1. Any residue in the stretch 96-104 that is loosely packed, with under 15 Cβ neighbours inside 10 Å, at pLDDT 95 or above, under 17 Å from the mean Cα position of the chain (by Cα) and of a type outside the set (D, E, K, R)?
2. Run residue 37 past the list (1) small (Gly, Ala, Ser); (2) more than 18 Å from residue 74 (Cβ to Cβ); (3) buried (at least 16 other Cβ atoms within 10 Å of the Cβ) and report the number of the one that doesn't hold.
3. Could you check the stretch 1-19 and list, in sequence order, the residues that are more than 19 Å from residue 62 (Cβ to Cβ), in contact (Cβ under 8 Å) with a residue 12 or more places away in the chain and not polar (S, T, N, Q)?
4. Looking at the structure I just gave you, is residue 22 assigned to a loop (DSSP other than H, G, I, E, B) and free of Cβ contacts under 8 Å to residues at least 24 places away in the same chain?
5. Hey, residue 78 hits all of (1) of a type outside the set (Val, Ile, Thr); (2) under 20 Å from the mean Cα position of the chain (by Cα); (3) at pLDDT below 95; (4) over 17 Å from residue 22 (Cβ atoms) but one; which does it fall short on?
Amino acid sequence: MTIFRIGVVTAVDPARAYARVRFDDLDGLETAMIPVGVRKSLKDRDYWMPDPGEQVAVLLDDAAETGVILCAIYSAADPPPISDPDKFHRRFEDGTVIEYDRKGHKLTVDCAGDVEIRAAGKIQLIASRIDLN
């Protein structure tokens, strides 16, 4: 039997991609370090750890001894950064934003620091117009 719970991350183990989760509705019960679910982990790999204090959805065994963190979820205290279903939006703590508007066909990268692009082969820039401001 599995149990679905909402909790708050209290610690992370970035090397193993594990985290510990506290459940305030269960008198502060904490899990052992459990894996953080990712989209890909074999040929292609995805990595992004939740932050301590982040609200997450967790799937646990019936004894709450093993489980997996499924994803982070928004809350009233931490609402979504935008509300447009046509946009992919990623905002980082330093203010950097990567956004794609599929309706407007526009990719925006607003970086708070330097941008570095590396390629083993050639880099091509093909555009109908280039505007250098």
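The values are calculated or read from the model by the stated rules, or taken from the named source; none is laboratory data. Only a predicted model underlies this, so the values are computations on that prediction, with no experimental measurement involved. Ideal geometry is used to build each Cβ from the backbone, glycine not excepted, and the neighbour counts take in all protein chains shown.
1. Going through the stretch 96-104, the residues loosely packed, with under 15 Cβ neighbours inside 10 Å turn out to be 96, 98, 101-104.
After this cut, where a residue has to be at pLDDT 95 or above as well, the list is 96, 98, 101-104.
Among the residues that remain, those that are also under 17 Å from the mean Cα position of the chain (by Cα) are: 96, 98.
Filter once more, so that each one left must be of a type outside the set (D, E, K, R): 96, 98.
Yes, because at least one residue in the stretch 96-104 is loosely packed, with under 15 Cβ neighbours inside 10 Å, at pLDDT 95 or above, under 17 Å from the mean Cα position of the chain (by Cα) and of a type outside the set (D, E, K, R).
2. Single failed check for residue 37: (2).
3. First, the residues of the stretch 1-19 that are more than 19 Å from residue 62 (Cβ to Cβ): 8-19.
From what's left, in contact (Cβ under 8 Å) with a residue 12 or more places away in the chain: 8-14, 16-19.
Correct list: 8, 9, 11, 12, 13, 14, 16, 17, 18, 19.
4. On the way: assigned to a loop (DSSP other than H, G, I, E, B): no; free of Cβ contacts under 8 Å to residues at least 24 places away in the same chain: yes.
No, not satisfied.
5. (4)
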